[in-house]
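Derivation of every value follows stated rules applied to the coordinates shown; laboratory data play no part. Nothing here was measured: the structure is a model prediction, and the numbers come from that model.
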Amino acid sequence: MSFKLKLIAIIILTLFAFPQSVKASDREIIALFETHDGINLLVYEDLYFVGEFSQRERAWVVFYNLLCMDKSAFVPSGVQLLGVFLVQQELVINVSSHIKNYGGIYNEKHLRAQIVLTGLELSGIEAVTLLIDGEPAMLPEGLEINRVNEWDELMD
């Protein structure tokens with residue numbers, strides 16, 4: 001599908017399906033989801049890739065942009081992406097312990113939502129799991145990202 005067709009499809013989806021707006025540049029498409037409490041979450045829907053890349057390579061680039069480029073208010077500085085793995089239709093993301101450098105359940109819910117929504121936007125991904133330094137772990141306020149596959153449960 002061409003870049004223009006993807007952009008049109010995303011705009012139509014955003015107008016009718018979700019309370020969000022979409023920004024696009026020549027390099028990336030980012031959906032800006034607005035939650036019920038008025039907070040905006042950046043969600044990477046696709047990046048403009050030139051050439052053939054595997055699903056794992058695309059996921060790596062998308063999550064590197066989300067977690068390591070200081071574009072999100074909810075992702076703490078200094079997070080390193082240690083690995084991205086695909087296990088059937090589950091995306092497993094391994095990050096450094098810097099992911100825990102924030103405070104409060106409010107920030108944690110939004111960080112969790114950004115990671116899960118971005119993962120579920122990738123083609124063929126049905127669940128998202130987060131590892132911290134290679135181990136399953138809870139985030140500081142007690143939430144976890146372990147085979148999360150539903151958008152609805154994220155902001156409860």
Per residue of segment 141-149, what does 6.51 cos²θ - 1.76 cosθ + 1.60 with θ = phi - 60° give for ³J(HN,Hα)? Whole Hz please, x for Gly and Pro, Karplus curve as stated. 8, x, 7, 9, 10, 10, 6, 6, 9
The extension gain from residue 97 to residue 71, computed as 0.36 nm times the residue separation minus the Cα-Cα distance, is 7.5 nm
